[in-house]
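To start, the structure under review is shown below, and the notes come after it.
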Amino acid sequence: MTEFAIGLMRWGGYWGIALLMCLENVVPPIPSEVIMGLGGLAVARGDMAMTPLIIAGTFGTVLGNLFWYEAGRRMGYLRLRPLVDRWGRWLTLHWSDVERLNAHFSKGGALTVFLFRFLPTFRTMISLPAGMLEMPRTKFLIYTTLGSAIWNAFLAGAGYFLGRNFSEIDRYLNPIGIAFIILLVGGYVWRVIRWQPEARDD
């Protein structure tokens, strides 16, 4: 897949970067760390410039996340009610939790969206509930763009400074990602164990 990314970048230039980053957020074939790392390497070689690289990568990222936001918005959070009622324990959710999340995203949820842009995997996943719970579209786009631009600039810069050893990015990012996933899984198991059904006001 790395060879595919390199070929597309050579063929499409900055548009190739934008397309790869969009695909990475819709049907992730290649991690953004690799795409932007390769872009940074291209800058180091003089084949690209840093600013348009970051703009192209961020454009593709926002476009991919907007796809999931719109999918969630069209689905709507009320369709979750039967799922929460039936699978509440395994989702570790009560309907009151969903309503609190809805209130959070309806008021903005800007910081949540911004911070999730720096988390592997979850940077895309947050777009679905943001749309489903009808976070204002303008705020979603602004904070998705800001967070994505910072993250993409970091990855491109790492690729630039590491040169041919851009794969070393994974050496530093993977332990952080693994630790986060372990904490997430542990928290999920704890919530399943502690979960109790709540009374419904029907």
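State which residue is least open to solvent (accessible area, probe 1.4 Å) when the search covers only region 36-52 and only residues that are more than 19 Å from the chain's Cα centre (by Cα) and within 30 Å of Met135 (Cα to Cα). Residue satisfying both the conditions and the ranking: Pro52.
Condition first: under 19 Å from the mean Cα position of the chain (by Cα), over 20 Å from Ile142 (Cβ atoms) and part of a helix (DSSP H, G or I). Now tell me which residues in region 12-31 satisfy that.
Applying the first criterion (under 19 Å from the mean Cα position of the chain (by Cα)) to region 12-31 yields 17-31.
Adding the requirement that they be over 20 Å from Ile142 (Cβ atoms) leaves 17, 19-20, 23-24, 26-31.
Selection gives Ile17, Leu19, Leu20, Leu23, Glu24, Val26.
In region 123-142, the residues that are under 19 Å from Arg100 (Cα atoms) and free of Cβ contacts under 8 Å to residues at least 60 places away in the same chain form no Cβ pair under 8 Å with any partner that is part of a helix (DSSP H, G or I) and of a type in the set (Lys, Arg), whether six or more places apart or across chains. Among the residues making up region 106-138, those that are assigned to a helix (DSSP H, G or I), more than 22 Å from Val185 (Cα to Cα) and at pLDDT below 70 are Ser106, Lys107. Test Arg86 against the stated conditions and say whether it is closer than 21 Å to Phe140 by Cβ and either open to solvent by less than 80 Å² (accessible area, probe 1.4 Å) or part of a helix (DSSP H, G or I) (or both). When the stated conditions are applied, Arg86 does not pass them. Selection over region 127-158 of residues that are open to solvent by less than 30 Å² (accessible area, probe 1.4 Å), closer than 28 Å to Leu80 by Cα and of a type in the set (A, V, I, L, M) gives a count of 4.
The values are calculated or read from the model by the stated rules, or taken from the named source; none is laboratory data. Owing to the predicted nature of the structure, the values given are computational and were not obtained by experimental measurement. Glycine gets a Cβ as well: all are built from the backbone with ideal geometry, and neighbour counts include every protein chain shown. Calculation scope for accessible area: heavy atoms of the full protein, side chains included, ligands and nucleic acids excluded. Shrake-Rupley method; radii C 1.70, N 1.55, O 1.52, S 1.80 Å.
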